[in-house]
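One structure is given below, encoded as structure tokens.
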Amino acid sequence: HREGDQMPGRNHSRNFKLEVVSQINTGQHTTAHLSRTHSLAPSLIHRWRKEVEARGEAAFTDGATTDRSDELRIAELERYCGQLALENTILKKSLATYRSKNGTT
């Protein structure tokens with residue numbers, strides 16, 4: 001393959017990604033050097049650096065767990081809102097019935 005091209009379907013470990021980013025951030029190696037050495041696209045290395053900048057220690061961890069817990073929390077809140085809406089409807093009907101029986105409408 002051409003220099004700098006990433007081989008399709010290759011997955012790199014979290015430790016490898018952090019090590020590559022660390023070597024660049026500490027000045028040990030340049031992006032170009034690591035790109036050639038490991039046959040990585042420079043754009044991939046830049047993406048890894050942005051990930052570390054944005055997420056710090058959480059970089060390259062599986063966000064699916066967080067997404068799944070968020071989905072569960074949203075579903076729980078939607079059920080609760082539905083329950084409150086139903087209770088509100090029941091209370092309004094009860095109040096209307098009470099008022100009509102007592103002639104306060």
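Coordinate-derived values only; no laboratory data. In this text, all values refer to a predicted model and were calculated from it rather than measured experimentally. So basically every Cβ, Gly included, is an ideal-geometry build from the backbone, and we count neighbours across all protein chains shown.
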**Request:** Scan around residue 29 for amide H atoms under 5 Å from its own, H built in the peptide plane at 1.01 Å from N, and keep only partners 5 or more places away or cross-chain.
**Result:** 24
**Message:** Using amide H atoms built in the peptide plane, which far-off residues or other-chain residues are under 5 Å from residue 60 H to H?
**Reply:** none
**Fill in**
Phi-derived 3J(HN,Hα) across region 14-21 with the Karplus relation (6.51, -1.76, 1.60, θ = phi - 60°), rounded Hz, x for Gly and Pro, is 4, 4, 4, 4, 5, 5, 4, 5
**Request:** Per residue of region 87-103, in order, report the coupling 6.51 cos²θ - 1.76 cosθ + 1.60 (Karplus, θ = phi - 60°) as ³J(HN,Hα) in whole Hz, putting x for Gly and Pro.
**Result:** 4, 4, 4, 4, 5, 4, 5, 5, 5, 5, 5, 4, 5, 5, 5, 9, x
**Message:** Rounded to the nearest 20 debye, what is the charge dipole size of region 23-105 about its Cα centre when +1 sits on each Lys and Arg Cβ and -1 on each Asp and Glu Cβ?
**Reply:** 420
